[in-house]
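Everything below concerns the one structure shown next.
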Amino acid sequence: MHNADFFLASSEGYQLTEPRSCKRIKRVRSDNRDDLLLVKVEPPLIGQVYELGGRDIDTLLIATRHKGDSLFPIRRWPVFVHVARLHIENPERREQIHDNEFEAVAWAELYGTEDDARVKAM
């Protein structure tokens, strides 16, 4: 993905040990938070892991894990985040995504550069 806004990787494992480039889509709210961010990731997560067959996951919902951290704007790196996959189609058309329309799949970090994501998440 050209012109990535940041990079997503996880020192916890999951499917995110290799950095993924992220492009912001939009800010959304849930039933409990108003600071969630939809992102497009490249490469996508393998859908088979989540019983999606051949349908991979290229849109994720992220939220900060620690009080005081923000995605709007990001003030310091890395940002520790919750990563969720969506159960709905076309989330970019929504302003609110209800809690039962997504599920947490990982703890991860956001990095400003791909090099930082590779070094620090390993």
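The values are calculated or read from the model by the stated rules, or taken from the named source; none is laboratory data. These figures come from a predicted structure and were not determined experimentally. Glycine also receives a Cβ, built like all others from the backbone with ideal geometry; neighbour counts cover every protein chain displayed. What goes into the accessible areas is simple: the full protein's heavy atoms, side chains included, and nothing from ligands, DNA or RNA. Shrake-Rupley method; radii C 1.70, N 1.55, O 1.52, S 1.80 Å.
Quick one: is residue 58 within 18 Å of residue 19 (Cβ to Cβ) and free of Cβ contacts under 8 Å to residues at least 12 places away in the same chain? Before you say what the answer is, go through the steps one by one.
On the way: within 18 Å of residue 19 (Cβ to Cβ): yes; free of Cβ contacts under 8 Å to residues at least 12 places away in the same chain: no.
So residue 58 fails the test.
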Failed criterion for residue 14 (all others in (1) within 13 Å of the chain's Cα centre (by Cα); (2) over 22 Å from residue 119 (Cα atoms); (3) of a type in the set (Ser, Thr, Tyr) hold): (2)
Residues of the range 57-72 that turn out to be within 15 Å of residue 39 (Cβ to Cβ) and either in contact with a Phe, Trp or Tyr (Cβ under 6 Å, 6 or more places away or on another chain) or not small (Gly, Ala, Ser) (or both), as a count: 9
Subset tally (residues that are surrounded by fewer than 18 Cβ atoms within 10 Å (Cβ to Cβ) and closer than 25 Å to residue 50 by Cα) for the range 96-117: 8
In the range 3-13, residue most open to solvent (accessible area, probe 1.4 Å) [restricted to those that are over 14 Å from residue 43 (Cβ atoms) and not in a strand (DSSP E or B)]: 3
Subset of the range 55-82 that is at pLDDT below 95 and under 13 Å from the mean Cα position of the chain (by Cα) - its residue that is surrounded by the most Cβ atoms within 10 Å (Cβ to Cβ): 57
Total residues in the range 85-95, condition open to solvent by less than 70 Å² (accessible area, probe 1.4 Å) and out of contact with any Ser or Thr (no Cβ under 9 Å at 6 or more places or on another chain): 3
